[in-house]
Amino acid sequence: MRERISEALREAYRRAVASGNLPDGELPSFTVEYPPDESFGDYASNIALVLASSLRMRPRDVAQRILEGMPEEPLIERVEIAGPGFINFFIKDSLWFEELRKACLMGRSYGRCENNGKRVLVEFVSANPTGPLHIGHGRIAAFGDALSRLLEWAGWEVEREYYINDVGTQMEVLGRSVLARYRELLGLEAEFPEDGYRGDYITDVAKEILKRYGRRLLELPEGEAVGIVSKEARDIILNWIREELSLFRVRFDRFFSEASLYENGKVDRVLEELESRGLLYRDEGAIWFSSSSFGDEKDRVVVRASGAKTYFASDIAYHLDKLSRGYDLLVNIWGADHHGYVKRLEAAIQALGHPKERLKVILVQLVNLLRHGKRVSMSTRAGEFAALRDVIGEVGVDASRFFLLLRRAESPLDFDLEVAKVKGEENPVYYVQYAHARISSIFKKAKERGVGLPDPEQVDLSPLTLPEERSLAKAVGTFPELVQDASSNFEPHPISTYLISLARSFHSYYNKHRVLGQKRELTEARLLLAWAIKEVIRNGLEILGVEAPEEM
RNA sequence: GCGCCCGUAGCUCAGCUGGAUAGAGCGUCGGACUUCGAAUCCGAAGGCCGGGCGUUCAAGUCGCCCCGGGCGUGCCA
């Protein structure tokens, strides 16, 4: 509907210009939005206000002249000019009520957009395979997964990818840490590496390796043993991570190994590519990429004086690989502590001849895990961390995901275990799920009384006359627009806010008015209303990856 | 020092590319179950949107300067 209004306004503007009512010129971008108060109608546009400033006319006059050019629109009840020059649109009640039929008929696809023909790759989590996931990864996982679902709803073809940093000093450190525990398990003296990973899970890994190899590793030279152990440890930990993700209902299409980029020569190749473009130089024994000529603050090392390539070097190769796979957009979701990295990567992408808009980096702020308001630490190396597995074991997948998706990505999040566990009022997940369960309970009760669900195409909706019924129907009817808005902002959290507010309106309605036991026509109409709300709640929860229970 | 994020009710946060009288939840106080599920509802109190200057018809939103908090600033990943 919103789209129709803005199209009508554009048409009205063209007509006003054609008839000489308004001077010719460029139509600046304007909005059609939901006004803050119902008395201002269903939609409001600022078109006259933005035009007024460029035309140097009085806004209300501009509004008047645009209205004179407005094409007939049968779904609009009336239009008025208000305040400083807003044009307010009052939509016919029947439009919103008709939308209820649509929601019931379309069910799981209500709110879904047509395929937009575009492919996007969402890369997220990509946690180092050096330890289990913690709650911060959980937030990124929940966010990336929900965003992927949201983009699918908005018509994108989405692939989800996890990049494994399985190269470099950290793998070496991991190997040495596990090897030390392995020796301890065999009752030998072991010097634990100073910068090693100290978590108990390292011992679990060592036990697993002991099971696979027995004492054999003791006979190998140190370097060789570390090599084997770090590879095995990588696989073991990666398997944990996969389990944790699937437990958390987070799905990936592909796990992409950094090491593979070295094995197939892609890192060398991308360096040659940069070299041939004259973007590399040597200084103090290292090789530098002149990223500063593409907007980065300084140049960056790609090959260290030792001859080892940096993480950045393989990351360039990785992104070139992704770009060459032909996506329209690459989305990278990173923890906010990587923000210093964005510019250099954009520089690399541009250096390789791609527009930097092809890449969208979303930074997710970290999570403060609390218990009774007191902070729980999560340093992997200190070995004291808030494992995602423990959190979802304690508060459940639904509550965890919902909580993590309650805030904007760039806003830090407090996650209090005790609050998330509560099954009452202060926990919005159950509030929303309860509305869903309540509706299915009404349906069950209706069935017991011999009342079936009405045929959405046949049922008469004219008994719906209450203002609450209109608002509810409108909330249902704007869900598709919400999906579009949220997806074009790459933010799933408005979905959670919306669901809470829809649930609130429904609970309030439920307490005030009865669905069953009314005159047949009224009961049927209200059943359809409840049905449509149920579909929308389920679809919204589906985007967030939260279940919609029939009973609780 | 420089860069990024954040600062809105007691607490946690919304506020859509600048729009009309700044909104929720929690918490606090007071009410509602013999009727479709009280994991619910109804009502009340609560604000100089960190501070200042600027941009304009219009600023919580944009720009500059301060203050406060977090993060980053490696030939680590």
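The values are calculated or read from the model by the stated rules, or taken from the named source; none is laboratory data. Keep in mind that this is a model prediction, so the values were computed, not measured. No Cβ is skipped: glycine too gets one built from the backbone with ideal geometry, and neighbour counts run over all protein chains shown. Quick note on the areas: whole protein, heavy atoms, side chains included, nothing else; ligands and nucleic acids left out. Shrake-Rupley method; radii C 1.70, N 1.55, O 1.52, S 1.80 Å.
Before moving on, here are some points about what is shown:
- Extension gain for A:Asp337-A:Arg216 works out to 39.5 nm (0.36 nm per residue, less the C-alpha to C-alpha distance).
- FRET efficiency for A:Arg520 and A:Asp328, using Cβ-Cβ distance with R0 set to 45 Å, rounded to 0.05: 0.30
- In segment A:169-247, the alpha-carbon atoms span a convex hull of 90 Å³ per residue.
- Distance in nm between pseudo-label sites at A:Lys298 and A:Ser53 (7 Å out along the Cβ direction from Cα): 4.0
- Averaging the Cα positions of each part gives two centres, and for segment A:159-180 and segment A:514-532 these lie 59 Å apart.
- In chain A, a dipole from Cβ-located charges (positive for Lys and Arg, negative for Asp and Glu) runs towards its positive end, and of A:Ala44, A:Ala351, A:Gly136 it is A:Ala44 whose Cα lies farthest in that direction.
- Residue among A:Leu544, A:His513, A:Val397 farthest towards the positive dipole end of segment A:393-549, charges placed on Cβ: A:His513
- Sites A:Asn239 and A:Glu263, calculated FRET efficiency, Cβ-Cβ separation with R0 30 Å, nearest 0.05: 0.90
- Candidate residues A:Asp398, A:Asp204: accessible-area rank, largest first, probe 1.4 Å: A:Asp204, A:Asp398
- Straight-line reach from A:Lys92: taking Cα to Cα under 19 Å and skipping same-chain neighbours fewer than 8 places apart, the lysines in range are A:Lys102, A:Lys474.
- Ignoring lysines fewer than eight residues from A:Lys519 along the same chain, the ones with Cα atoms less than 21 angstrom from its Cα are A:Lys444, A:Lys445, A:Lys447.
- A straight line joining the Cα centroids of segment A:395-465 and segment A:34-78 runs 36 Å.
- Relative contact order of chain A, pairs being alpha-carbon contacts under 8 Å that are 6 or more residues apart, as %: 16
- What the phi angles of segment A:514-526 give under the Karplus curve with 6.51, -1.76 and 1.60, with θ = phi - 60°, is a coupling list of 9, 7, 8, x, 9, 4, 3, 4, 5, 4, 5, 5, 5 Hz, glycine and proline written as x.
- Each Lys and Arg Cβ is given +1 and each Asp and Glu Cβ -1; about its Cα centre, chain A then shows a dipole of about 840 debye.
- Positive dipole terminus of segment A:2-91, leading residue within A:Leu67, A:Pro28, A:Leu55 (C-beta point charges): A:Leu55
- Residues in chain A average 46 Å² of solvent-accessible surface per residue, probe 1.4 Å, ligands and nucleic acids excluded.
- Segment A:121-149-segment A:210-273 distance, computed between alpha-carbon centres (Å): 18
- For segment A:130-159, the residues whose amide N sits under 20 Å from a probe point set 7 Å from the Cα of A:Asn115 along the beta carbon direction are A:148-159.
- Given their separation in residues at 0.36 nm each and the Cα-Cα distance between them, A:Leu185 and A:Tyr34 gain 47.9 nm when the chain is fully extended.
- Where only DSSP H runs of four or more residues are counted, chain A gives -16000 deg cm²/dmol as its mean residue ellipticity at 222 nm, each run worth -39500 (n - 2.57).
- Treating r as the C-beta distance of A:Ser471 and A:Ala18 and R0 as 30 Å, the FRET efficiency rounds to 0.20.
- Scanning residues 5 or more positions from A:Leu22 or on other chains, those with amide H under 5 Å from its amide H are A:Val17, with H placed 1.01 Å from N in the peptide plane.
- Listed pairs A:Lys298/A:Lys356; A:Lys211/A:Lys374; A:Lys374/A:Lys534; A:Lys211/A:Lys322; A:Lys231/A:Lys374 exceeding 28 Å between Cα atoms: A:Lys211/A:Lys374; A:Lys374/A:Lys534; A:Lys211/A:Lys322; A:Lys231/A:Lys374
- Aspartates and glutamates whose Cα lies under 14 Å from that of A:Lys118, excluding same-chain neighbours fewer than 8 positions away: A:Glu152, A:Glu157, A:Glu159, A:Asp328
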